[in-house]
1. Restricting the search to the range A:69-92, which residues are away from chain B (no Cβ under 14 Å) and among the small types (Gly, Ala, Ser)?
2. What's the total number of residues in the range A:98-121 that are in contact with a Phe, Trp or Tyr (Cβ under 9 Å, 6 or more places away or on another chain) and under 11 Å from residue A:156 (Cα atoms)?
3. Scan the range B:36-52 and give yes if some residue there is farther than 24 Å from residue B:183 by Cβ and either free of Cβ contacts under 8 Å to residues at least 12 places away in the same chain or among the acidic types (Asp, Glu) (or both), otherwise no.
4. In this structure, is residue B:54 away from chain A (no Cβ under 12 Å), assigned to a helix (DSSP H, G or I) and modelled with pLDDT of 95 or more?
5. Can you work out which of the residues in the range A:100-110 that are buried (at least 24 other Cβ atoms within 10 Å of the Cβ) and of a type in the set (Ser, Thr, Tyr) is nearest to residue A:233 (Cα to Cα)?
6. Mind checking whether some residue in the range A:285-301 is among the hydroxyl-bearing types (Ser, Thr, Tyr) and at pLDDT 95 or above?
7. Which number in (1) modelled with pLDDT of 95 or more; (2) farther than 25 Å from residue B:135 by Cα marks the one condition that residue B:272 misses?
8. Within the range B:296-305, can one find any residue that is within 22 Å of residue B:203 (Cα to Cα), without any contact (Cβ under 8 Å) to a residue 60 or more places away in the chain and surrounded by fewer than 19 Cβ atoms within 10 Å (Cβ to Cβ)?
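The values are calculated or read from the model by the stated rules, or taken from the named source; none is laboratory data. Just so you know, these numbers come straight off a predicted model, no measurement behind them. Neighbour counts run over all protein chains shown; Cβ positions are idealised from the backbone, glycine included.
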Protein chains: 2
Amino acid sequence: MITDWTTCRVVVTGAAGFIGSHLTDRLLAAGAQVVGYDNFSTGIREFLTPARSHPAFTQVEGDVLDGNTLAHAMQGADMVFHLAANADVRHGLDHPRKDLEQNTIATFSVLEAMRATGVKNLAFASTGSIYGEATVFPTPEDAPFPVQTSLYGASKLAAEGMIAAYCEGYGMRSWIFRFVSILGERYTHGHVLDFYNQLLANPLRLHVLGDGHQRKSYLYVHDCIDGMFCAIGRSAEKVNVFNLGTDAGCEVLDSVRWITGYLRLAPVVDYAGGERGWIGDNPLIWLDTRRIRALGWVPTLTIEQSLLRTIAWLVANRWVLAVTG
Amino acid sequence: MITDWTTCRVVVTGAAGFIGSHLTDRLLAAGAQVVGYDNFSTGIREFLTPARSHPAFTQVEGDVLDGNTLAHAMQGADMVFHLAANADVRHGLDHPRKDLEQNTIATFSVLEAMRATGVKNLAFASTGSIYGEATVFPTPEDAPFPVQTSLYGASKLAAEGMIAAYCEGYGMRSWIFRFVSILGERYTHGHVLDFYNQLLANPLRLHVLGDGHQRKSYLYVHDCIDGMFCAIGRSAEKVNVFNLGTDAGCEVLDSVRWITGYLRLAPVVDYAGGERGWIGDNPLIWLDTRRIRALGWVPTLTIEQSLLRTIAWLVANRWVLAVTG
């Protein structure tokens, strides 16, 4: 359990990513020494501009698969937040090795570097996709043994399993967070970006995967970080697993309505049809968050509010569209 | 679903192992063409002596991590039984990379070779260890989401997850078997071998890990293979998961009694003490096998009968003690 960050040295992998860069800022604000580790393959240098002006921040450019560089960055650390990952759920089938290498083997690399340097605490960004096509809704952390439907979910499951086994075997402690999709400033991938890109190219037409009724849950990035800090401060099992999401959900067509409303556009919307947006897409993601709520955490923004902040940020930061391809 | 093996070409990875060699013999007896794939790192050449005299058998010496050799062996195959693995649960913490490479990445390699060659059916040897320290007994296939306690269990979980995702994504079908410990002729690792080795060195003393009350379940190797054939013949979901074990269990000290009784020895037994034999040892493994029994399968031997066959085979085949180190 860590409640006071002022005495802590923390390594954040994926520090230049959407969530990682906010986490870095928040840790610095809380008084921690932060090593921001990123290979900048999808991480964005500009996101670390505020951090780089902070005396307690150190940037290390390296790949999590490079064990030596990673172990060097971990010297003297109290905790690692392992957020670096291939976060592209949708295109996993186009390059199956990517999830294995960047998620499964990368997590092994992080665990080995921790073992080599004696770092005992790990927070890990997992995913609600790990439940596959869940059979219980809202889906609790101890849901029935899931059947994986995506390589992304499978790679995060593999990572979670290794983390738990390392905790058991080498006396480490972990906080595993199964996120819904995260929204907010510095958003860099997902359907909001897709829709905005499409509408910039052609404000009159929007192509939507599936039938629009896929129901997902979303969480605002700062609520997500609050949830992580809350769990790390108040839960001290060997392996602490928490769903992080809002209790609400929205359909893809709600998103469409909010985004086009904000942009004051009225495009013709083409639905590709079908219950799923792509192979392995789970048409309903709705996580039971009673475990984290029991620790006192509550999200501050609704899905609609988070989504509006996201689109507002994208509109004000169009440069990110070029960077994210 | 495969009920008639006479038209099938089958690849068995780990064909020279304990279970793999019996499976190879049984598939040949059932009329299949069998490619026995093994790198002979722990596989034993003598176990394939019967198979090698069969015209429908082809031996390929190769590593499952060698994708080219593996894909070549899979040309024209209808099904793969992926049994090759690091099966050493107990010493996982001494070499954590082994489970990752030989179980997780090796399974990825098998899946990629199947994808490259268009092989659509996979049977996979998983483990009851995947349930970690289960909270429900007997433990069903859809038990609450487990927390891993061993690198071995974690690596098999990772493999199961990838297999399911490949089935969803690339139109494959899989049968995943979560075994208890298997006993019988050609037994090459585990506590029966340990005890027998100890008693050969000193018939007056036997050292036992834990307090002797760890309760495990065992299954006779031919009952195990019957179970696999039954499931593959009668269950045709995209991903078919089955526990395979006996409904009974026995304590380590029952094993001690049966083994020493068979050998007519009365050693002093030292118990190391503690509820677990080693870090990550699960003191109770007891699987719910109603799913496979509902298909008509029943084991033919009790645990005691399987164990007595095992020790009898070891006594008659002492050469294996030298080969297994």
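1. Within the range A:69-92, A:71, A:73, A:76, A:77, A:84, A:85, A:87 qualify.
2. Number satisfying all stated conditions: 5.
3. Keep residues of the range B:36-52 that are farther than 24 Å from residue B:183 by Cβ, which gives B:37, B:39, B:52.
Keeping just the survivors that are either free of Cβ contacts under 8 Å to residues at least 12 places away in the same chain or among the acidic types (Asp, Glu) (or both) gives B:52.
Yes; the residues of the range B:36-52 include at least one that is farther than 24 Å from residue B:183 by Cβ and either free of Cβ contacts under 8 Å to residues at least 12 places away in the same chain or among the acidic types (Asp, Glu) (or both).
4. It is false that residue B:54 is away from chain A (no Cβ under 12 Å), assigned to a helix (DSSP H, G or I) and modelled with pLDDT of 95 or more.
5. Out of the qualifying residues, it is A:107.
6. yes
7. (1)
8. So the first thing to find is which residues in the range B:296-305 are within 22 Å of residue B:203 (Cα to Cα), and the list is B:304.
Then keep just the ones that are without any contact (Cβ under 8 Å) to a residue 60 or more places away in the chain; that gives B:304.
Still in the list and also surrounded by fewer than 19 Cβ atoms within 10 Å (Cβ to Cβ): B:304.
The answer is yes, given that some residue of the range B:296-305 is within 22 Å of residue B:203 (Cα to Cα), without any contact (Cβ under 8 Å) to a residue 60 or more places away in the chain and surrounded by fewer than 19 Cβ atoms within 10 Å (Cβ to Cβ).
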